[in-house]
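Everything on this sheet refers to the single structure shown next.
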Amino acid sequence: MPTKRTFRDLGDACRAANALDLVGDRWTLIVVRELILGPKRFTDLQESVRGITPAVLTDRLRSLQENGIVEQVVLSDLARTRAYVATDWGRELESVLGSLGRWYSAGPDPRTDGGMTPDGTILAMRTMVPEVPGEVPVLALRLYDGRRSDPPMCDYRVAAIDGRLDVRAVVATEPAATVTAESTVWSSLLFEDVPLAQAERDGTVRVEGDRETVVRILRLYC
């Protein structure tokens with residue numbers, strides 16, 4: 001297999017071009033997307049990055065580690081499981097992903113097909129985060145990817161801080177409401193005006209606690 005020539009090799013001093021040498025390969029930014037909010041095991045990444053093979057994922061993780069974008073960590077579980085997470089520098093790629101998403105949304109045909117991972121949905125919420133008039137009670141959001149055979153539940157907290165929604169991958173304490181939802185369905189409630197009541201009837205969304213808190217947050221994105 002011929003050695004890949006980078007923009008640096010070709011004498012292109014453009015920093016955007018040199019950035020593409022690091023993250024421009026297929027799958028690379030999607031792997032990073034799944035590691036911005038917290039660590040994931042190799043098997044979780046295989047499930048989240050749809051279509052990637054183990055060999056390609058291994059290659060992308062190796063490259064990302066060599067370039068200081070991703071690092072390997074040991075989880076605090078009993079098995080001391082190895083996982084991967086974005087470095088501080090790697091997490092700065094969230095703004096790049098957000099800009100790409102906004103750019104695509106402004107195009108001639110912004111429609112998409114398929115599903116959304118929990119972290120992908122949360123990053124979309126953070127990208128399109130609205131200003132908040134007044135106070136919004138804390139919402140606990142529990143998302144799962146219904147495309148997986150045994151999907152883990154991912155916990156997030158939605159709160160209002162300094163007039164804007166703050167969405168983080170942490171467990172909310174004493175929330176006004178808790179939403180348990182399939183991640184693609186939650187995305188459709190936020191960005192496609194699918195009625196909350198319809199998703200509740202379908203069983204893909206469950207609301208516990210103050211339902212008005214959930215309705216208010218959904219309205220912020222309409």
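Applying the selection to the stretch 3-33, what residues are basic (Lys, Arg), out of contact with any helix residue (DSSP H, G or I) (no Cβ under 8 Å at 6 or more places or on another chain) and part of a loop (DSSP other than H, G, I, E, B)? Before the answer, list the steps.
As a first pass, look at the stretch 3-33 and keep what is basic (Lys, Arg): 4-5, 8, 15, 26, 33.
Narrowing the set further to residues that are out of contact with any helix residue (DSSP H, G or I) (no Cβ under 8 Å at 6 or more places or on another chain) leaves 4-5, 15, 26.
Result: Lys4, Arg5, Arg26.
Within the stretch 55-94, the set of residues being closer than 15 Å to Leu20 by Cα and among the hydroxyl-bearing types (Ser, Thr, Tyr) comprises Ser63 only.
Within the stretch 134-145, the set of residues being assigned to a loop (DSSP other than H, G, I, E, B) and under 15 Å from the mean Cα position of the chain (by Cα) comprises just one member, Asp145. So, Thr112, is that one more than 20 Å from Ser187 (Cα to Cα), not in a strand (DSSP E or B) and not hydrophobic (A, V, I, L, M, F, W, C) or not? The answer is no for Thr112. Here is the figure for the stretch 120-130: residues that are touching a helix residue (DSSP H, G or I) at 6+ places or on another chain (Cβ under 8 Å) and either assigned by TED's automatic domain parsing to the domain that holds Leu35 or not in a helix (DSSP H, G or I) (or both) total 2. When Leu93 is tested against (1) farther than 25 Å from Met153 by Cβ; (2) buried (at least 17 other Cβ atoms within 10 Å of the Cβ); (3) touching a Gly at 6+ places or on another chain (Cβ under 9 Å), just one condition goes unmet, and that condition is (3). Take Ala181 and tell me if it is over 23 Å from Arg148 (Cβ atoms) and either in the same structural domain as Met128 (by TED's automatic domain parsing) or surrounded by 19 or more Cβ atoms within 10 Å (Cβ to Cβ) (or both). So Ala181 does not fit the description; no. I'm checking my understanding of the structure. Among residues of the stretch 57-85 that are crowded, with 16+ Cβ neighbours inside 10 Å and of a type in the set (A, V, I, L, M, F, W, C), which one is nearest to the chain's Cα centre (by Cα)? Among residues in the stretch 57-85 that are crowded, with 16+ Cβ neighbours inside 10 Å and of a type in the set (A, V, I, L, M, F, W, C), the one nearest to the chain's Cα centre (by Cα) is Val85.
Cβ-Cβ contacts under 8 Å between residues 6 or more apart (or on different chains), taken from a first residue in the stretch 198-222 that is free of Cβ contacts under 8 Å to residues at least 24 places away in the same chain to a second residue that is of a type in the set (A, V, I, L, M), are listed as Ala199/Ala181; Ala199/Val185; Ala199/Leu189; Ala199/Val205; Glu200/Val207; Asp202/Val185; Val215/Leu196. At least 3 residues being more than 20 Å from Ala124 (Cα to Cα) and of a type outside the set (Val, Ile, Thr) is the threshold, and among the strands (runs of 3 or more DSSP E) wholly inside the stretch 152-214 those reaching it are 205-209. Is one or more of the residues making up the stretch 147-162 modelled with pLDDT under 90 and crowded, with 18+ Cβ neighbours inside 10 Å? Among the residues of the stretch 147-162, at least one is modelled with pLDDT under 90 and crowded, with 18+ Cβ neighbours inside 10 Å, which makes the answer yes. Among the criteria (1) surrounded by 16 or more Cβ atoms within 10 Å (Cβ to Cβ); (2) touching an Asp or Glu at 6+ places or on another chain (Cβ under 8 Å); (3) under 19 Å from Val136 (Cβ atoms), the one Leu196 does not fulfil is (2).
The values are calculated or read from the model by the stated rules, or taken from the named source; none is laboratory data. Computed from a prediction, not measured in an experiment: that's the story for all the values here. All Cβ positions, glycine included, derive from the backbone under ideal geometry; neighbour counts span all protein chains shown.
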